[in-house]
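Comments concern the structure below.
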């Protein structure tokens, strides 16, 4: 008897659901929050803290690889412009090499790899903004220090930076707004104006930049709003499935338990016995127990006290089984059953003895009992090895007969009836 690195691991593993660790009540509250957000007429750019945290973990965190690859591609394109610097920014070409390859690129690579780590979402957005603004500053500085008239032709590069931040690496909307504003200010106040060009040129360029910022921010807003709404719908569906499954589990458990004692009910007992006939363990012990003189107990103390007595006995039985395959149940009225697969007769008798002793030690008063001044139990143990002729039905009948023998022997005792299969000579 049983006694009582920064890059990801590419090994395929099952994706853990963030809802797995939540209790039923927590998922209910979360479902209410999701439903309220979906019913809300406001656009979803910022969730309540609990949803925002899940959004970052489930949506933003999963884009880290794209962010790493996309960032490296963007950085490569930025460095390839060094060939354009050789023709357009001839006088500051050496400086351009230092800034692009010696300053901006190492810093951007470091920040991109850092973004790949598990860091708070707001930190990742700030790092993306720093990279975007840093690239813009490098372009403005090179154009500002160059004396060639062709330097002003770098203006489209500023718009590319806006597209890179707002669309390509997709800064979150409010971070995109702040980053775009800083880029616009850098252009207006620090981008050099060729004195040979009419003022309208600078105004026209600023207008184009403003239009680029506006359109990319609008696209960024719509993309994020749709992404967030899709996340809410997906989360709502998962929560509904999970809550339904948990409710079904609860209902299944309730349908298999006795409402008064919390032990397995007769339906669950019969189901388990039927399953054992299919599983066919090597041996099976069944203990049938009955509260001695329970009718007199009810007549003396009332049915409420009788219910409390049943509950106390049920607690003792529940504490007597320790393996998952063991089952304690209420067989009917004041009669109980303990089912012990793969248990020897001696171990089953020991368990029955402990139950009887613990019940006696509970000292539940029973003044009208002919056995003792406290509540006692009688127990019958049916035991046998599974064969074609020895089934659960046979062993239940044997335990019931043994219980009858215990009652006939003065109650508050244990009788055993092992089933020895017939073997023809």
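What pairs can you find where one residue is in the range 371-390 and under 30 Å from residue 300 (Cβ atoms) and outside the structural domain of residue 274 (by TED's automatic domain parsing), the other is modelled with pLDDT of 95 or more and part of a strand (DSSP E or B), and their Cβ atoms are less than 9 Å apart, with a gap of 6+ or different chains?
none
Could you say which residue among 268, 224 is under 35 Å from the mean Cα position of the chain (by Cα) and over 30 Å from residue 46 (Cβ atoms)? Break it down stepwise before answering.
Working: 224 fails: over 30 Å from residue 46 (Cβ atoms).
Only one candidate qualifies: 268.
Output the number of the condition that residue 58 fails; it satisfies all remaining conditions of (1) part of a helix (DSSP H, G or I); (2) modelled with pLDDT under 85; (3) closer than 16 Å to residue 171 by Cα.
Here residue 58 meets the rest and fails (3).
Among (1) more than 25 Å from the chain's Cα centre (by Cα); (2) outside the structural domain of residue 307 (by TED's automatic domain parsing), there is one condition residue 274 misses while meeting the rest; what is its number?
(2)
Would the range 378-388 turn up any residue that is part of a helix (DSSP H, G or I), over 22 Å from residue 271 (Cβ atoms) and modelled with pLDDT of 95 or more? Step through it out loud before you land on a result.
We begin by selecting, within the range 378-388, every residue part of a helix (DSSP H, G or I); these are none.
No, every residue in the range 378-388 fails to be part of a helix (DSSP H, G or I), over 22 Å from residue 271 (Cβ atoms) and modelled with pLDDT of 95 or more.
Go through (1) modelled with pLDDT of 90 or more; (2) within 25 Å of residue 201 (Cβ to Cβ); (3) crowded, with 21+ Cβ neighbours inside 10 Å for residue 128 and report which single condition fails.
Evaluating residue 128 over (1) modelled with pLDDT of 90 or more; (2) within 25 Å of residue 201 (Cβ to Cβ); (3) crowded, with 21+ Cβ neighbours inside 10 Å leaves (2) as the failure.
What residue, of 213, 185, is closer than 25 Å to residue 76 by Cα, at pLDDT 90 or above and in a helix (DSSP H, G or I)? Give the derivation first.
Working: 185 fails: closer than 25 Å to residue 76 by Cα.
Of the residues listed, the single one that is closer than 25 Å to residue 76 by Cα, at pLDDT 90 or above and in a helix (DSSP H, G or I) is 213.
Assuming residue 202 fulfils every condition listed in (1) at pLDDT 85 or above; (2) over 39 Å from the mean Cα position of the chain (by Cα); (3) in a helix (DSSP H, G or I) apart from one, which condition is it?
(1)
What is the one condition in (1) surrounded by fewer than 20 Cβ atoms within 10 Å (Cβ to Cβ); (2) touching a helix residue (DSSP H, G or I) at 6+ places or on another chain (Cβ under 7 Å); (3) within 30 Å of residue 122 (Cβ to Cβ) that residue 256 does not satisfy?
Answer for residue 256: the failing condition is (3).
The values are calculated or read from the model by the stated rules, or taken from the named source; none is laboratory data. Please read all numbers here as calculations on a predicted model, not as lab measurements. Every residue, glycine among them, receives a Cβ derived from its backbone with ideal geometry; neighbour counts consider all protein chains shown.
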